[in-house]
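First up is the structure itself, then whatever we jot down about it.
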Amino acid sequence: MATSNSHRAPGRAVAPLRHSGRALRGTGGAAVLGTVLLGSAFAGGAAQAAPAAPATAPAISSSTAAPAAPAPTAALHSSEKLRWGSQGSTVEQLQSALNDEGADLAVDGKFGKLTHGAVKDYQRANGLQIDGVVGPETRGSLNGGASIGGSGTSVPTSGTSTSSSGEAIVDAARTQIGASYSWGSSNPGVSFDCSGLTQYAYKQVGIDLPRTSGQQVAAGTQVSKSEAQPGDLVVWPGHMGIYAGGDKVVDAGRSPGAVTERTIWGNPTFISFR
């Protein structure tokens, strides 16, 4: 608002005061912040510049460009497949991405029951295959269509690491041969039920499987017998064991009532975590 001055000195023109929230330039080219005096005061015909801003007020140039917005980044920086039992930094990225989509997960790098459920919820909401596995389609959706390779720690995916991990799972199961069968038990050197043995053997190589046989089957991917590798699960209705290769399985069975290695029978299905 302009203010009037009833006590003007004769012969001096006083410009009105105006308030501005942005930086303006005086006649001398200096930027002035806050309340500024527009125009020039004339005394004897000489032009005087508006007073400079305090030294503490930074000058702002109208030609200074705003900082460029950062380019969008992918949520998952790895091409590996993630599923129940995966662990590491890539799982942390997954959990953070799911939280951005409305989940409420602890970002702990462990792909367990809650993360599995959150993945299925995301897949359901986005018209993807609902299997709880973060493969190319789910990863691409979380990345907004981006496809990025990288590294991380997870369930082994291929090659020598898969083979050695599978053999290590079989070896872990074999160490329990002779332990008795007991439903609901997972007591190394003493007793197991079928899913207790499989959970134990996988845990020895750093893979956390859920406890029950139904949950373990749901967390993995079914493969054909020709695709099965040592360390995969062999599944019958109400029972499971660990594929040892060569048509053999290590399992904790009601009959013979102990952990044994024996020939596969019937027509089981095979579940892989590769």
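The values are calculated or read from the model by the stated rules, or taken from the named source; none is laboratory data. Note that this is a predicted model, so its numbers are computed, not measured. Note that we place each Cβ from the backbone using ideal geometry, even for glycine, and neighbour counts take in every protein chain shown. Heavy atoms of the whole protein, side chains included, go into the accessibility calculation; ligands, DNA and RNA do not. Shrake-Rupley method; radii C 1.70, N 1.55, O 1.52, S 1.80 Å.
Please give the net charge around Asp131, taking every other residue with its beta carbon less than 9 angstrom from that of Asp131, where Lys and Arg add +1 and Asp and Glu add -1. So the environment of Asp131 carries a net charge of +2.
Once backbone amide H atoms are built at 1.01 Å from N, Ser86 has Phe111, Val155 as its partners under 5 Å, excluding neighbours fewer than 5 places away on the same chain. The radius of gyration of the Cα set in the stretch 169-239, together with its Dmax, comes out at 11.8, 34 angstrom.
Taking 0.36 nm per residue of separation and subtracting the current Cα-Cα distance, fully stretching the chain between Lys113 and Ser255 would add 48.0 nm. Solvent-accessible area assigned to carbon and sulfur over the stretch 182-238 amounts to 52 percent, based on a 1.4 Å probe. For the stretch 175-274, the solvent-accessible area with a 1.4 angstrom probe is 43 square angstrom per residue.
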